[in-house]
Amino acid sequence: MKKRILIFTLFIIVLGFSLQSIAQFTSEEAAEREKWEEFLQNAEVAEQEQMRNREAVTSPWVLTLEKDGVRKRALWKNPEGLMKGFLENWKWEIASYRLDKYLALNMVPPTVERRFKGNRGSCQLWVDSKMSLKQKMEKKIETPSYKVFPWNRALYLQRAFDNLIANEDRHQNQYLITEDWRMILIDHSRTFRTSKAFTTKLIYSEKGKESKYLMKELPRAFYEKLKALNQEVIQEVVGEYLTDKEIEAVLMRRELMVQWIEDRIKQFGEDKVLYD
């Protein structure tokens, strides 16, 4: 009997580690997304400051929001069009968050539409982090040995997500690292590309722009949700924030991703590519 209890206990520990290893926002944080969405939309602006530096291309605003005694910072932006050689759109910030939420990746902070100074824009909950990936690399901070495994899996998820949304500009400041080494992804105003370059090959693939970095291992649940994506599902998830052409491009990338995963399964075996 004691042996059975020990085996069961070990199973629960392993299962818990497996689930934690793919979670970025914790289950408790994810359960509060709707609360923060409502807060972002309705809280009063207590303070405001516009970011003006070389890296803040879209000149976003840092807002301090307050409601019912709760104060939180948020990032508001409303770029739309060509800026410094890149197409930018605040709507893609919201679409990215909604797709992340649907796919249960829990990597993108709550993001909603909010009017500020009379203009429509995206408003994203500010995430307090230990450092950015850029700071990690510049200071040569090593990932703790016991976090390497979940960190790598988080990287594979980031690549899969950016493949789907055609994020051509994931630079190191857009990876936030929490105190307990979870990865949070921000800044998605350069996504959802529709040109042939982004519908005939994946960014993170052998023939893509980031050919050195592949998706490698992915959660089975993510793969199943990916396969279930169709026009109706995406439209329901993203609402008005993507055009029909942008949705069509997402579906084309979805086909490329499914085929890539299936080919990899044939090559290496399902247990080497998908995990529960």
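Is it true that A74 is within 30 Å of R220 (Cα to Cα), among the small types (G, A, S) and touching a Phe, Trp or Tyr at 6+ places or on another chain (Cβ under 7 Å)?
no
Across the stretch 119-144, what is the number of residues that are surrounded by fewer than 14 Cβ atoms within 10 Å (Cβ to Cβ) and modelled with pLDDT of 95 or more?
Final tally of qualifying residues: 9.
Out of A154, A160, A166, I need the residue that is on the phi > 0 side of the Ramachandran plot, crowded, with 18+ Cβ neighbours inside 10 Å and at pLDDT 95 or above. Which one?
None of the other options fit; the residue is A166.
Among (1) in the same structural domain as A249 (by TED's automatic domain parsing); (2) within 25 Å of I247 (Cβ to Cβ); (3) out of contact with any Pro (no Cβ under 9 Å at 6 or more places or on another chain); (4) surrounded by 22 or more Cβ atoms within 10 Å (Cβ to Cβ), which single condition is Y175 missing?
The failed condition is (2).
With the condition kept exactly as written, say whether any residue in the stretch 178-189 is acidic (D, E), surrounded by 13 or more Cβ atoms within 10 Å (Cβ to Cβ), in a loop (DSSP other than H, G, I, E, B) and at positive phi.
Yes, that holds for at least one residue.
Quick test for you: out of K101, K117, pick the one residue that is over 18 Å from T58 (Cβ atoms) and either in contact (Cβ under 8 Å) with a residue 12 or more places away in the chain or of a type in the set (K, R) (or both).
That would be K101, the only listed residue that is over 18 Å from T58 (Cβ atoms) and either in contact (Cβ under 8 Å) with a residue 12 or more places away in the chain or of a type in the set (K, R) (or both).
Within the stretch 190-219, which residues are touching a strand residue (DSSP E or B) at 6+ places or on another chain (Cβ under 9 Å) and either outside any strand (DSSP E or B) or basic (K, R) (or both)?
R190, T191, F192, R193, E217
Let's see how each residue does on (1) at pLDDT 95 or above; (2) in contact with a Gly (Cβ under 6 Å, 6 or more places away or on another chain); (3) under 22 Å from W151 (Cβ atoms); (4) not β-branched (V, I, T):
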residue	(1), (2), (3), (4)
L229	yes, no, no, yes
G239	no, no, no, yes
E255	yes, no, no, yes
I265	yes, no, no, no
V273	yes, no, yes, no
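The conditions are (1) under 23 Å from R253 (Cα atoms); (2) in a loop (DSSP other than H, G, I, E, B), and L164 fails exactly one of them. Which is it?
Status for L164: all satisfied but (2).
From (1) in the same structural domain as E236 (by TED's automatic domain parsing); (2) part of a helix (DSSP H, G or I); (3) out of contact with any helix residue (DSSP H, G or I) (no Cβ under 8 Å at 6 or more places or on another chain), pick out the condition that doesn't hold for Y97.
The single condition Y97 does not satisfy is (1).
Does E38 count as surrounded by fewer than 16 Cβ atoms within 10 Å (Cβ to Cβ), assigned to a helix (DSSP H, G or I) and either assigned by TED's automatic domain parsing to the domain that holds I247 or modelled with pLDDT of 95 or more (or both)?
yes
The values are calculated or read from the model by the stated rules, or taken from the named source; none is laboratory data. On a predicted model such as this, the values are computed, not experimentally measured, just so you know. So basically every Cβ, Gly included, is an ideal-geometry build from the backbone, and we count neighbours across all protein chains shown.
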